[in-house]
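Data block below; observations after.
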Amino acid sequence: MNGMMIDFRYQVTDPKKAAPLLDLNKQALLTVEKSGAKLGVPHAVKVGSLRQTTQAKKVAAGKEYFVLFGNPGGKLAKPGDKLAVSIGEFNLKHMILQ
């Protein structure tokens, strides 16, 4: 399963600004900048969406949260690729996959 999932983690510094990132109603996508391939968040039957969510009032400063993106066959995104993450209105570009 090496490379079949991409683990995106972030630490909250401002709970009010971070609240939309943890809203399950906001779609999370990872884009491989070079190819334009879009990777979504898998939904497991027994556990649901493979991303952390919480109510806005429970977002905690200093806490680390995660989103797991599927990378079918480990082939769409490879170490060294530049990636962009979008969750609702939030966009972060030019991250390098390690």
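The values are calculated or read from the model by the stated rules, or taken from the named source; none is laboratory data. In this text, all values refer to a predicted model and were calculated from it rather than measured experimentally. All Cβ positions, glycine included, derive from the backbone under ideal geometry; neighbour counts span all protein chains shown. Note: accessible area is taken over every heavy atom of the protein model, side chains too, but ligands, DNA and RNA are not part of it. Shrake-Rupley method; radii C 1.70, N 1.55, O 1.52, S 1.80 Å.
Here are the numbers for the structure shown:
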{"item": "Ala61, sole failed condition from (1) more than 24 Å from Lys17 (Cα to Cα); (2) touching a residue at least 40 places away in the same chain (Cβ under 8 Å); (3) among the small types (Gly, Ala, Ser)", "result": "(1)"}
{"item": "Some residue of the stretch 67-78 being open to solvent by 50 Å² or more (accessible area, probe 1.4 Å) and closer than 13 Å to Gly40 by Cβ", "result": "yes"}
{"item": "In the stretch 30-48, the residues that are in contact with a Phe, Trp or Tyr (Cβ under 8 Å, 6 or more places away or on another chain) and either open to solvent by 60 Å² or more (accessible area, probe 1.4 Å) or modelled with pLDDT of 95 or more (or both)", "result": "Leu30, Leu39"}
{"item": "The stretch 80-98 - residue that is in contact (Cβ under 8 Å) with a residue 24 or more places away in the chain and part of a loop (DSSP other than H, G, I, E, B) and, of those, most open to solvent (accessible area, probe 1.4 Å)", "result": "Glu89"}
